[in-house]
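Student: One structure follows; several queries about it will come next.
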Amino acid sequence: MRAAFVPLALFVLALSACQQEPANPKAKIEAAIHDHLSKQSGLALDKMEMEVQQVDVRGDTAEARVVFRIKQGEGEMLFRYLLRREDGHWVVERGTSGGALPPGHPPMTPSPETPEKLPRTSN
């Protein structure tokens with residue numbers, strides 16, 4: 001009886017270890033953010049450094065604070081990413097800028113009437 005119990009106990013332990021999320025999912029969340037950014041057009045990721053400063057996981061959702069720095073220059077920008085776990089993988093739902101824009105910078109989300117007020121140019 002005891003001989004049959006040991007393999008069963010080992011099987012249960014191995015199965016539970018496979019199903020648990022690592023204590024620190026930061027690496028998986030960082031990879032999900034990088035994957036999300038690599039699919040965005042117009043980003044020069046090779047010219048930026050990305051540092052995930054903080055990750056808060058709540059069940060199947062997570063929030064990450066990420067700082068981007070220019071490799072060959074000054075300046076950094078803080079972003080906050082909201083992620084959700086989907087089929088065992090982290091996926092970015094959205095990212096928002098967490099810092100103030102420099103003085104004189106135009107708004108990031110123009111009002112609906114802005115395009116009508118801009119002068120038209122011919123190509």
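Just so you know, all these numbers are worked out from the coordinates, no wet-lab data involved. These numbers come from a predicted model, not from an experiment.
Student: Once phi is turned into θ = phi - 60°, what whole-Hz ³J(HN,Hα) does the Karplus curve with 6.51, -1.76 and 1.60 give for every residue of the stretch 28-41, x standing for Gly and Pro?
Tutor: So the Karplus estimates, Gly and Pro as x, are 5, 5, 4, 5, 5, 5, 4, 4, 4, 5, 5, 8, 8, 7 Hz.
Student: Determine the relative contact order of the stretch 22-100: mean sequence separation of Cα pairs under 8 Å and six or more apart, normalised by residue count, in whole percent.
Tutor: Relative contact order comes out at 24 percent.
Student: Let me ask something else about it. What residues have an amide H closer than 5 Å to that of MET48, excluding those fewer than 5 places away on the same chain, when H is modeled at 1.01 Å from N in the peptide plane?
Tutor: When sequence neighbours closer than 5 places are left aside, the close amide H contacts are LYS71.
Student: Can I ask one more? So what are the ³J(HN,Hα) numbers for the stretch 45-62, from phi and the Karplus equation (6.51, -1.76, 1.60; θ = phi - 60°), rounded to whole Hz, Gly and Pro as x?
Tutor: Each residue's phi maps through the Karplus curve to give 4, 5, 9, 10, 10, 10, 10, 7, 8, 8, 10, 10, 9, 10, x, 9, 10, 8 Hz.
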